[in-house]
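**Student:** Handing you a structure now.
Only the coordinates and a few stated rules stand behind these numbers; no lab work does. Everything quoted here is computed from the prediction, not taken from an experiment. We place every Cβ from the backbone using ideal geometry, glycine too, and count neighbours over all the protein chains shown.
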């Protein structure tokens, strides 16, 4: 086998859109030039992580693009929903973590909350995300 000079990584995902009987297919390809065969595994891993991030952000963002009078847990991907608790209180959807989120999950959740018109309330052990319930997207 000759020297590898480039690598192409393609990943995609098909998901059912919230509250609708339709499916959405998302796919990304990234092509990278490789200077050294030794860099192949590192480049592939880096590109997969990059694409996974793009897919994750798009899949999380899709439900919030639909019109809703009242946001709920369904605006989050299933993996993020499992990390959170939800409560309606004083005109807000209150979202609290069940466990330590880590910076990557925190950032994903914060993006969804901001996209839904919400915010993060930093208040020690009482810190939480909140989204106004009387919004339309």
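**Student:** Can you bin segment 73-132 into rounded, prolate or oblate? Criterion: square roots of the alpha carbon gyration tensor eigenvalues sorted a ≥ b ≥ c, rounded for a/c under 1.5, prolate for a/b above b/c, oblate for the rest.
**Tutor:** Rounded is the answer for segment 73-132, as its axis ratio a/c remains below 1.5.
**Student:** What order do you get for 111, 37 when you list them from fewest to most C-beta neighbours inside 10 Å?
**Tutor:** 37, 111
**Student:** Hey, another quick one. Which order do 11, 108 fall in if you start with the one that has the fewest other Cβ atoms within 10 Å?
**Tutor:** Ordered by Cβ neighbours within 10 Å, fewest first: 11, 108.
**Student:** So for segment 73-132, averaging the separation of alpha carbon pairs under 8 Å that are six or more residues apart and normalising by length, what relative contact order in percent results?
**Tutor:** 31 percent
**Student:** How would you rank 71-77, 43-49, highest first, on the average number of other Cβ atoms within 10 Å across their residues?
**Tutor:** 71-77, 43-49
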